[in-house]
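Right, one structure below, let's go through it.
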Amino acid sequence: MRVLATYNIKGGVGKTSTAVNLAYLSARDGSRTLLWDLDPQGAASFIFRIKPRVKGGGKGLVRRTSSLEDAIKGTDFDDLDLLPADFSYRNLDLLLDAQRKPVRRLRQLLRPLAEDYDTVILDCPPGISLVSESVMYAADTLLIPLIPARLSLRTFDQLTDFVKALDDRPPSLAAFFSMVDRRKRLHRDVVTALTAERDDLLRTAIPNATAIEQMAEQRAPVGVFAPRSVAAACYEALWAELQT
Amino acid sequence: MPDATAYFVADDADTVGLASALDALAQRFSVEQSVARSLLRTWLDTDDWLLHKAGMVLEQRESTTDGLRLILRRAEGREHTQPVEVITWPARIDALPPGPVRAQIEGVVGIRALLPVASLRALRRDVRVMNEDRKTVVRMAIESSPKSGATQLPDHLTVSAVRGYQAQADRVTARLATVTGIFAVATSPYEQALQANGRVFGDDVPTPVEMSASMPARNAVTAVIHSFLSTVERTLGGVISDIDTEFLHDFRVAIRRSRSTLKLSGDVLASGPAEQLSPDLKWLGDLTSPTRDLDVYILGLPDMADGLQSAAPADLDPFRDYLLSRRRTEFRLLVRALRSARFRRALDHWRALGLETEPSNPGKLTSAGELAADRLSRAHRRVTKRGSAIGADSAPEELHDLRKRCKELRYLLEIFRPLHDPATHRAVLRDLKALQEVLGEFQDSEVQGLAVREFALTMLSTGSAPARTVLAMGELAAQLSAHQRHARTAFAGSFAVFNSADSKRRFREVTRGSSG
Ligand SMILES: Nc1ncnc2c1ncn2[C@@H]1O[C@H](COP(=O)(O)OP(=O)(O)OP(=O)(O)O)[C@@H](O)[C@H]1O
Ligand SMILES: [Mg+2]
């Protein structure tokens, strides 16, 4: 079972859009996939038309009084299931903190799913918290959307250092540019310069695209309602690059 | 948590059945249906239903839109799909391309071939039931089989919940239950197609022989031998088409058991037909030995190759090729014999056994219970007597002979099992099996060791064995003698257990049970 997680302390950078589209592509390739919407706002759940509600809430899951398996919902797509968000996830930090070895809890919770899933994708809320730290322990790969700006790279470098210092097998980092607006001079320059400069960034960039914006309207991954769009092709390329 | 699936079929007389079902649903739920596709569904399992026993359903689905796919459904409802090229069934596992379906079933089917057990042509429409967010919560499939198809099933409808939406599926099912012209059934289209094909799960096992202590011994023995005959008849086709090695194995076991039954209890039958059948059974036993022995070597080769210390497993490839070619030769001879008039005559003798009007041999043992008690205790005595006579420097032949006596006892126990208390029977069998295992290991490793040497010599003389292969075979022979030594050391211990006061007491209880 491979665990991927979208991660960025900044909000609104394309984490959820990435998680949703990659989960869709993973399942389409025949990998049994679970998307866990960890954000109490439930954006990923909303896109899959699944109510952001988990019986027993975050408390039940973290304390294991309710089972993760029972909370899982099938999406409209073969091989793709979703573990919905719940409003109570806003207290997930406190709940985790009450556990022994809080940062490892998430990984523990995922372990029994290995029988049923080949790929798990975690969609993280923004910010620095016990939740986001737990995700670093649980994930094999962090998917990091970066807005094209020098500052984003500084934050990414800090993250790289942080991850290296983890007292555990660190996840690999897959950072890529997100919401790239080719009409903006700054975006073009930053993307060209940094992709040439650095070898720790993925080659694929996700453009700023209306198709992606429309996901919340259509309530579906872009591959479903705009299969021939540039956005769909870019997520394909991103997914392919992650397999190498 | 298995997601319950519900099944409905349309009343034969009602041509609008399923259409009206959809209309009824559309009044309450938001429903969307796909265009109809034509499918050929073929279900597969091993001859001994290993997939079914593991709670799995394997289907090959051919459709104009999706091509050819294998679909595996596991007990808890998970499905795995694998697109494939044309596969010729029956097929052993290595004939399937690697992929998710093969990965799931590999460990379950092992050396057994997959055979088509049912098939169905269907025109299928997929229906989605959606909630207020237009989220699919229930999936349905509506299938009708063309009236010209081989398997005729009534039009049917399958309702499955999307994971996490069982309550919605239950509501759909409840609504459908009120529609006239369709009715709920407990069986899936697979089970219905199986039934239409005259198959039932577990039909590889002969119906157990009905036996009571008071029934005439002659009837009991006749029933037992006929049950073995039914196994021979059932497996014959699989042996001849070489579907997998286990058909021949089962075929042989049935022959051996009949032979042993005839030898140990045939005296209660009329002598004429029994005397006729005896040599037939010996012939059949001898006839099937070479192919089966080669199967055993071939099947055991990967394990033996794993145990090689200095040679590489690939060094044994020429040996494997040699075994396979010998097997082809022996198998051709076997098939020729199984198609001969002599074999047909043997089957006739077998079928006629016990059905003659000629009176059976006069004797004191008239009931099955008395016969069982007598033969079991004699066979048991033979084992304990010969076993006790075996010491540290007894010849190997004495152990081989003891193995035969153990087998006879084992067969008798199995034949008369219906007369025994199940728990005591199991305990007795356990003691005996442990002893048989040691004796089997002892003799098999000796025989196989000799055979490996003989194979090596033949291969050398025909120039088909490179030096590295002969060296590897030398290692195999050494491995086998180590096994044999190990078994020889273990013998005393396992015989002591078998010969213990406790074990003997259990045995007496079993025989006492037999005599009723
Ligand atoms: N490449 C893009 N092009 C256009 N719009 C985008 C793109 N990526 C994301 N968006 C839009 O930006 C908003 C935020 O995106 P998204 O929810 O994917 O980001 P996020 O990082 O998950 O946000 P949050 O931190 O709030 O969870 C959404 O309205 C989304 O439709
Ligand atoms: Mg988000």
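Listing for the model above:
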| item | result |
| --- | --- |
| Fraction of beta bridges assigned by DSSP in chain A that are antiparallel (%, nearest 5) | 5 percent |
| Hull shadow area, averaged, chain B [alpha-carbon convex hull, nm²] | 31.6 nm² |
| Cβ-based charge dipole, the protein assembly as shown, positive-most Cα from B:F247, A:Y235, B:W43 | B:F247 |
| At q = 0.08, 0.10, 0.13 Å⁻¹, base-10 log of I(q)/I(0) for the stretch A:2-242 (Debye sum, equal scatterers on each alpha carbon) | -0.28, -0.44, -0.76 |
| Whole-angstrom Cα spans of the stretch B:408-481 along principal axes, big to small | 58, 19, 12 |
| Length-normalised contact order for chain A - Cα pairs under 8 Å, 6+ apart - percent | 24 percent |
| For the stretch B:94-103, Karplus couplings with θ = phi - 60° (6.51, -1.76, 1.60), whole Hz, Gly/Pro x | 5, 7, 8, x, x, x, x, 6, 4, 4 |
| Where only C-alpha atoms are counted, convex hull volume of the protein assembly as shown per residue in Å³ | 242 Å³ |
| Whole-angstrom gap from the stretch B:210-224 to the stretch A:128-174, using each part's C-alpha centre | 77 Å |
| Residue mean of other protein chain beta carbons inside 10 Å, A:44-54 | 2 |
| For the stretch B:246-294 versus the stretch B:65-123, the gap between their alpha-carbon centres in whole angstrom | 37 Å |
| Rounded tilt (10° steps) of B:166-177 against the dominant C-alpha axis of chain B | 80 degrees |
| B:S30 long-range amide H proximity, modeled H, under 5 Å | B:M130 |
| Chain B, helix-only ellipticity at 222 nm - DSSP H runs n ≥ 4, -39,500 (n - 2.57), divided by all residues, nearest 500 | -19000 deg cm²/dmol |
| Selection from B:S388, B:M304, B:A174, by position along the positive dipole direction of chain B (Cβ) | B:S388 |
| Inter-part distance where the stretch B:425-487 and the stretch A:184-235 are each reduced to a Cα centre, Å | 65 Å |
| Net dipole in debye of chain B [+1 Lys, Arg Cβ; -1 Asp, Glu Cβ; about Cα centre; nearest 20] | 920 debye |
| Amide hydrogen neighbours beyond the local backbone of A:W36, cut-off 5 Å, H modeled | A:L83, A:I121, A:L122, A:D123 |
| Antiparallel bridges, percent of DSSP beta bridges restricted to the protein assembly as shown (to nearest 5) | 70 percent |
| Mean separation of Cα contacts under 8 Å, 6 or more apart, over the residue count of chain B: relative contact order % | 13 percent |
| Added length on full extension, which subtracts the Cα-Cα distance from 0.36 nm per residue, B:N197 to B:R453 | 87.3 nm |
| Cα lying deepest toward the dipole's positive end in the stretch B:213-340, options B:L236, B:T288, B:T261, charges on Cβ | B:T261 |
| For chain A, calculated [θ]222 nm from helices alone, where every DSSP H run of n ≥ 4 adds -39500 (n - 2.57) | -11500 deg cm²/dmol |
| About the Cα centre, charge dipole magnitude for the protein assembly as shown (Lys/Arg +1, Asp/Glu -1 at Cβ), debye | 880 debye |
| Net charge dipole size for chain A [Lys, Arg +1 and Asp, Glu -1 on Cβ; Debye, nearest 20] | 540 debye |
| ³J(HN,Hα) computed for each position of the stretch A:48-65 - Karplus, 6.51 cos²θ - 1.76 cosθ + 1.60, integer Hz, glycine/proline x | 8, 6, 10, 5, x, 8, 10, 4, x, x, x, 4, x, 5, 5, 7, 6, 7 |
| Residue-by-residue Karplus 3J(HN,Hα) for the stretch B:212-223, coefficients 6.51, -1.76, 1.60, Hz, glycine and proline x | 9, 4, 8, 6, x, 4, 4, 5, 5, 5, 4, 4 |
| Crossing angle, helix B:271-306 versus chain B [Cα axis fit, 0-90 degrees, rounded to tens] | 70 degrees |
| Rounded tilt (10° steps) of B:17-28 against the dominant C-alpha axis of chain B | 60 degrees |
| Inter-chain Cβ neighbour average for residues B:158-164, partner chain, 10 Å | 4 |
| Sequence-separation-based contact order of the stretch B:412-512, relative, with Cα cut under 8 Å and 6+ spacing, percent | 45 percent |
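Every number here is computed from the coordinates shown, using simple stated rules; none is lab data. Only a predicted model underlies this, so the values are computations on that prediction, with no experimental measurement involved. For neighbour counting, all protein chains shown are included, and Cβ atoms are generated from backbone atoms with ideal geometry for every residue, glycine included.
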